[in-house]
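What follows is a short report on a single structure.
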Amino acid sequence: MKYILTFMVLALCGSLAIAQTDAKAKAILDKTVEHIKSYPAVEIVFDLSMINKAEDINETHHGKAYMKDKMYRIDVMDVVNYFDGEVIYTYMPDQEEVNIKNPEENEDEMLNPSILFDIHNQKFTQKLVENKDGKAYIELTPKQTHKQISKIGVWIDTKTNMVEKVTSFGKDGNDVVITIKSLKKPEKELDVTFFRFDKDAHPEVDVIDLR
C-alpha cells in the first residue's frame, strides 16, 4: 500500500516531470507541471488499476484526491491518507484506526511531499517516445536502480497540458496505472483542517501515534 501511495502522490502532483536528457520531453513536461501548479488547489478524480498479466490480475479502484501546496488528501482502496504539511495520517475506516507519522519516518523518501516538485529534477531521465495528434507518451527511467520500478510511462494531452495517464511498470510484473478522469479547482476553499484527520469527529477511532 505504501508503494501505491508513493506512486499516486508522484503522479497526481504532476511531479513525474522534467529530466535532463531529452529536450523535447522536458519542454512538454515543463508545460504540464507549470499548468498544474497554476491551480491554487486541485481536486482530482481518478481510477487506480493494478495489473499483473502473468497472474491474470486486473482490478480497478475509483479514487479522489485533493492537493494544495505541500498538503494532500487521497481517498482510495478504503483508506484515506492525509498530509497537512507536517504530519501524515493514514485513516482506515473499516478498522476504525488511524496511524499518525512524521514524514521523515517513512522508509521511502518520495512519500514526503516537500520534495515532490524537486524529485523530477534529479531522480529520472526521460525519453519522448511518441508525440502525435496532440498526444505525447514519455518514458521516465530512474537514474539509480529502483527496487520496485523499472520505468514510468506518462501520457499527456499537449493541447491542454494535462496528464491523462501514468503507469508504473513493476519489476515483479505488477503494474500500477492511474487514469485521470478529471482535474479541476475545488468548489470551496481548502484550509489546513481539510488535510488533517479530525479526531474529535471520530471518537470511536483508535489513534496510533507513531511519532
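Nothing in this text is a laboratory measurement; each read-out follows from the coordinates by a stated rule. All figures in this text were calculated on a predicted structure; none of them were measured in a lab. Every residue, glycine as well, gets a Cβ built from its backbone with ideal geometry; the counts of neighbours run over all protein chains shown.
Ranking request for peptides 53-60, 73-80: highest mean number of other beta-carbon atoms within 10 Å first, then the rest in descending order.
My ranking of the peptides, most packed first, is 73-80, 53-60.
Does anything in the stretch 122-153 have its amide N under 16 Å from the 7 Å Cα→Cβ label point of Asp172, and if so which residues?
Once the point is set 7 Å along Cα→Cβ of Asp172, 146-151 turn out to lie under 16 Å by backbone N, inside the stretch 122-153.
Give the residue list of trypsin sites (Lys or Arg not before Pro) in the stretch 168-205 that are DSSP loop and have at most 13 other beta-carbon atoms within 10 angstrom.
Listed in order of number, the matching sites are Lys171, Lys188, Lys199.
Can you tell me the FRET efficiency between Lys185 and Asp133 if r is taken as the Cβ-Cβ distance and R0 is 41 Å, rounded to the nearest 0.05?
Plugging the Cβ-Cβ distance into 1/(1 + (r/R0)^6) gives 0.90.
Around Asp206, under 11 Å between beta carbons, what's the net of Lys plus Arg minus Asp minus Glu among the other residues?
Here the count lands on -3.
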